[in-house]
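Here is the structure we will look at, set down as structure tokens.
The values are calculated or read from the model by the stated rules, or taken from the named source; none is laboratory data. Bear in mind the structure is a predicted one, so any value in this text is a computation, not a measurement. Here the Cβ positions follow ideal geometry from the backbone for every residue, glycine too, while neighbour counts run over all protein chains shown. Each accessible area value is taken on the protein alone, full model and side chains, heavy atoms only, with ligands, DNA and RNA left out. Shrake-Rupley method; radii C 1.70, N 1.55, O 1.52, S 1.80 Å.
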Amino acid sequence: PAAIEIRDLRKTYKGGKEALKGVSFDVPRGSIFGLLGPNGAGKSTLINILSGLVNKTSGSARIWGFDINKDPRNAKRSIGIVPQEIMFDVFFTPLETLELQAGMYGIAPEYRRSMEILRALRLDDKANAYTRTLSGGMKRRLLIGKALVHDPPILILDEPTAGVDIELRQQLWTYVRELHAAGTTVVLTTHYLEEAEELCDRIAIINHGEVVANDETGTLLAQA
Ligand code: ADP
Ligand code: ADP
């Protein structure tokens with residue numbers, strides 16, 4: 001099966017806002033998949049449904065073959081989500097942050113890979129520094145590290161470079177490419193066409209809660 005299969009997904013919030021109006025698409029395994037759309041298009045709603053934060057109104061979604069409602073535990077374990085906002089306790093160190101996250105997943109100490117993850121993200125020399133002393137770029141990388149603790153086959157980044165300067169953006173793209181090269185399926189939401197173009201091999205465009213295009217990046221751009 002595909003890494004993620006979304007079928008006729010609908011979300012109407014209390015109050016009547018239809019954020020998703022029957023969304024269907026597949027994220028192929030091994031791809032870097034871009035979910036592109038303007039603010040308010042429904043990208044976060046979709047990601048929040050996949051992560052279990054928001055309940056869908058109808059339709060279905062499978063993550064790595066696991067239905068998000070029938071098998072939420074396995075579905076959740078198959079994704080790592082990098083949220084838009086930086087959130088962790090700045091009084092812990094990066095190593096402690098990852099160890100705590102591993103604990104939350106019930107991963108036994110001998111199976112934890114905290115230092116390995118920090119090395120991959122070039123944060124190993126900051127393993128024992130207070131997180132509050134890290135630069136913005138280092139904090140963003142730690143956020144990625146947190147999402148990788150349980151070794152998910154799929155990594156989802158929600159607007160990874162929103163409000164980030166060009167240098168840091170390039171740096172984050174490099175890490176995304178490295179993770180992808182190591183076998184991770186990557187999904188990112190963005191409202192920058194340039195970002196989707198640069199990174200993604202496939203792009204779905206969402207607008208007003210509907211998928212208005214879904215194709216290989218080259219094909220999509222040739223039509224634009
Ligand atoms: P459920 O997932 O059970 O449908 P909601 O997400 O609809 O619950 O409820 C969350 C509450 O937060 C709502 O009452 C809604 O008014 C409010 N809310 C949160 N984010 C937004 C937003 N972007 N626009 C409007 N209301 C919001
Ligand atoms: P995007 O991530 O593409 O910016 P969102 O999924 O955040 O889009 O929002 C899609 C639409 O749903 C917007 O009109 C937004 O205001 C609305 N919305 C988002 N969350 C809620 C909520 N909890 N309650 C009501 N409306 C919401």
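Strands (runs of 3 or more DSSP E) fully within region 169-224 that include at least 3 residues being aliphatic (A, V, I, L, M) and crowded, with 16+ Cβ neighbours inside 10 Å: 185-190, 202-207.
The condition of being aliphatic (A, V, I, L, M) and closer than 27 Å to Ala181 by Cα does not hold for Ala19. Is at least one residue of region 70-80 away from ligand 1 (no atom under 16 Å from the Cβ), outside any helix (DSSP H, G or I) and more than 26 Å from Thr174 (Cβ to Cβ)? For region 70-80, residues away from ligand 1 (no atom under 16 Å from the Cβ), outside any helix (DSSP H, G or I) and more than 26 Å from Thr174 (Cβ to Cβ): present. Here the condition is being modelled with pLDDT under 95, among the hydrophobic types (A, V, I, L, M, F, W, C) and under 22 Å from Phe92 (Cβ atoms); of Leu193, Leu143, Leu168, it holds for Leu143 alone. Within region 106-131, can you find the residues that are under 21 Å from the mean Cα position of the chain (by Cα) and exposed (fewer than 15 other Cβ atoms within 10 Å of the Cβ)? Matches in region 106-131: Glu116, Arg119, Arg122. Checking each residue in region 1-17 for being part of a strand (DSSP E or B), open to solvent by 40 Å² or more (accessible area, probe 1.4 Å) and within 16 Å of ligand 1 (Cβ to nearest atom) picks out Arg10, Thr12.
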